[in-house]
Amino acid sequence: VQLQASGGGLVQPGGSLRLSCAASGSTFSPYIMGWYRQAPGKQRGVVATISNMGSTSYVDSVKGRFTIRRDSVKNSVYLHMNNLKTEDTAVYYCWMLDTTREYWGPGTLVTVSS
C-alpha cells in the first residue's frame, strides 16, 4: 500500500487550500484516515482524523477552519483548509490505519505567507 498526497503550495494568509491523499491497493480498507503536520523545528502532530463511520476530530487550533472528508470507495482522504494562518505553515502528511498497521504519505508542503 502506498499513499500519495497532493495539493500543497503557497497561499496568502486568509486563503484556502485543499489537500488530497489516495491509497493504492485493492484490498486495503483503512478504518481511520487523517492528516498530521510538522512545522519547522517542531514535532509532528495530528491535525484531523476521520473514522470509517464518519466521526471526525480536530486539533483545537484548526477547528472551524479545516474540514476533513473521506471517500472510502476511492480510499482517499481530503483536508479542506480555509482562513489559513502563517502558523499553519508545515509539511502535511496523510495517514491511514487499518487492522494491522499504519501508513504514511510522503508529505506535502503548505506555506502560508504574504
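The values are calculated or read from the model by the stated rules, or taken from the named source; none is laboratory data. What you see is a predicted model; the values in this text were computed from it and never measured. When we count neighbours, we look across all protein chains shown, and the Cβ atoms used for this are built from the backbone with ideal geometry, even at glycine. The protein model used for the area step is the full one, side chains on, heavy atoms only, and it has no ligands, DNA or RNA in it. Shrake-Rupley method; radii C 1.70, N 1.55, O 1.52, S 1.80 Å.
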Exercise. Do any residues in region 51-62 that are among the aromatic types (F, W, Y) have Cβ atoms under 8 Å from those of residues that are open to solvent by less than 50 Å² (accessible area, probe 1.4 Å), where the two are at least six apart or on different chains, and which pairs are they?
Worked result: Y58/V47; Y58/A48; Y58/F66; Y58/I68
For this session: Tally the residues that are within 13 Å of the chain's Cα centre (by Cα) and open to solvent by less than 50 Å² (accessible area, probe 1.4 Å), restricting the search to region 98-114.
Result: 5
Seminar exercise, completed: Looking across region 59-75 at residues that are of a type outside the set (K, R) and modelled with pLDDT under 95, the single one that is surrounded by the most Cβ atoms within 10 Å (Cβ to Cβ) is N75
Exercise. Can you name every residue in region 94-114 that is in contact (Cβ under 8 Å) with a residue 24 or more places away in the chain and polar (S, T, N, Q)?
Worked result: T99, T108, T111, S113, S114
Exercise. So which strands (runs of 3 or more DSSP E) are wholly in region 4-114 and hold at least 3 residues that are out of contact with any helix residue (DSSP H, G or I) (no Cβ under 6 Å at 6 or more places or on another chain) and among the aromatic types (F, W, Y)?
Worked result: 90-97
Problem set entry | Check on Q12, within 15 Å of the chain's Cα centre (by Cα), open to solvent by 60 Å² or more (accessible area, probe 1.4 Å), more than 13 Å from H80 (Cα to Cα) and at pLDDT 95 or above | no
For this session: Scan region 26-58 residue by residue and report those that are of a type in the set (A, V, I, L, M, F, W, C), in contact with a Phe, Trp or Tyr (Cβ under 9 Å, 6 or more places away or on another chain), more than 14 Å from G107 (Cβ to Cβ) and surrounded by 12 or more Cβ atoms within 10 Å (Cβ to Cβ).
Result: F28, I32, M33, V46, A48
